[in-house]
Amino acid sequence: MLTANYNYQETLAASVKANWRIEDIIGGDKRLDFTKPFMPESLARVESLDFLSAEEKILLNQIRGFGYLYTFGVVEEFILPFVLDHVRPHLNEDDFRTRALLQFASEEAKHIQLFRKFAEEFKAGFVTNCETIGPPEEIGKAVLSHSPLGVALVILGIEWMTQQHYLESVRDDEDLDPQFKSLLRHHWVEEAQHTKLDTLMVQALTDNLGAGEFEKGISDYVAIGGLIDGGIPPQVEFDIKSLQRAAGRNFSRSEQEQLRAVQQQALRWTYLGSAMTHPKFLETVGEISPAARTQIGEMSATFS
Ligand SMILES: [Fe+2]
Ligand SMILES: [Fe+2]
């Protein structure tokens, strides 16, 4: 039995208070500034690539920004049906539960739309097109083929990770493009309630499970992590090609190897390590299974 001290009524109230409209944060004079970086260096990791000029470092940083929004779009496309499936069997039991989870789903649908709008603006303003792995529906289908507990743990980790990225890397970074930063801030503020609802979802899913099913949930969590990790090398290859087109030059073999090594690890930290090491995520996992907490803690060393 998990002991998280969250409840649906308070989460719903906080969520309604934080709610914003897409048209208030994008469009009109609210435009991306392509002279500035979009991502904090702790996630982008472009500075050590000393064969890149200052302008090329900004291009790579912005390519990573585009990938970041794309990745959240992909993730939210499987969070949305997962939350709807979770709420539906118990619609009449607790009005606050139903409303809080539907609000959660509605916010994710809004975030998907927001990220699409940003992607459109990015595509219109960036010097070249940037390819991405996918399609998102296929990735979502592969993730959702795992047990609900495994998927819920992945979602829990991802949403705590969003908190970590904003609070520790984005909020106090004065160099970032203000518009991109505004996007991350608005996303973060609504995600703050999602982490609590995720914890309640994991709690509900673990309440009636047998011992073998806990282990299945944990092994599915690890399997989905492997799926995400498998997408990183092909995405980095796309990013290298995008950067070469944007910079108008080809990098030597050894430069490409350096780019590959640094960027693969940057993506591993961004999408896996920073989720797996979040103290609140580990706290919830530890309450299900101290052994799983240790296992995930050890695995996370690979993704630092
Ligand atoms: Fe979101
Ligand atoms: Fe979310």
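The values are calculated or read from the model by the stated rules, or taken from the named source; none is laboratory data. Predicted, not measured: the structure shown is a model, and the values here were computed from it. Here Cβ is always computed from backbone atoms with ideal geometry, including for glycine, and neighbour counts include all displayed protein chains. Side chains included, ligands, DNA and RNA excluded: accessible areas come from the protein's heavy atoms. Shrake-Rupley method; radii C 1.70, N 1.55, O 1.52, S 1.80 Å.
A few comments on the model shown:
- Here region 99-116 is the region considered, the condition is being open to solvent by 20 Å² or more (accessible area, probe 1.4 Å) and away from ligand 1 (no atom under 14 Å from the Cβ), and the residue that is nearest to residue 32 (Cα to Cα) is 102.
- Members of region 117-146 found to be among the small types (Gly, Ala, Ser), away from ligand 1 (no atom under 16 Å from the Cβ) and closer than 28 Å to residue 225 by Cα, listed by number: 134, 142, 145
- A Cβ distance below 6 Å, combined with a sequence gap of six or more or placement on separate chains, defines the contacts here; from region 34-55, residues that are over 27 Å from residue 272 (Cα atoms) reach residues that are not polar (S, T, N, Q) in the pairs 34/125; 51/255.
- First in region 61-76 and without any contact (Cβ under 8 Å) to a residue 40 or more places away in the chain, second anywhere and open to solvent by 10 Å² or more (accessible area, probe 1.4 Å) and within 16 Å of ligand 1 (Cβ to nearest atom), Cβ under 6 Å, 6 or more apart: 76/112
- The single condition among (1) within 12 Å of ligand 1 (Cβ to nearest atom); (2) open to solvent by less than 50 Å² (accessible area, probe 1.4 Å) that residue 188 does not satisfy is (2).
- Among (1) within 19 Å of the chain's Cα centre (by Cα); (2) away from ligand 1 (no atom under 16 Å from the Cβ); (3) open to solvent by 20 Å² or more (accessible area, probe 1.4 Å), the one test that residue 208 misses: (1)
- Test result for residue 159, without any contact (Cβ under 8 Å) to a residue 12 or more places away in the chain and either assigned to a helix (DSSP H, G or I) or open to solvent by 30 Å² or more (accessible area, probe 1.4 Å) (or both): no
- Which listed residue is open to solvent by 20 Å² or more (accessible area, probe 1.4 Å), part of a helix (DSSP H, G or I) and of a type in the set (Ser, Thr, Tyr), from 42, 15, 48: 42
- Test result for residue 152, within 14 Å of ligand 2 (Cβ to nearest atom), farther than 27 Å from residue 243 by Cβ and touching a Leu at 6+ places or on another chain (Cβ under 6 Å): yes
- Enumeration of residues in region 66-119 that are among the polar types (S, T, N, Q) and either modelled with pLDDT under 95 or within 18 Å of residue 7 (Cβ to Cβ) (or both): 92, 98, 103
- Residue 176 falls short on exactly one of the conditions (1) more than 16 Å from ligand 2 (Cβ to nearest atom); (2) in a helix (DSSP H, G or I); (3) touching a helix residue (DSSP H, G or I) at 6+ places or on another chain (Cβ under 8 Å); (4) closer than 22 Å to residue 38 by Cβ, and that condition is (2).
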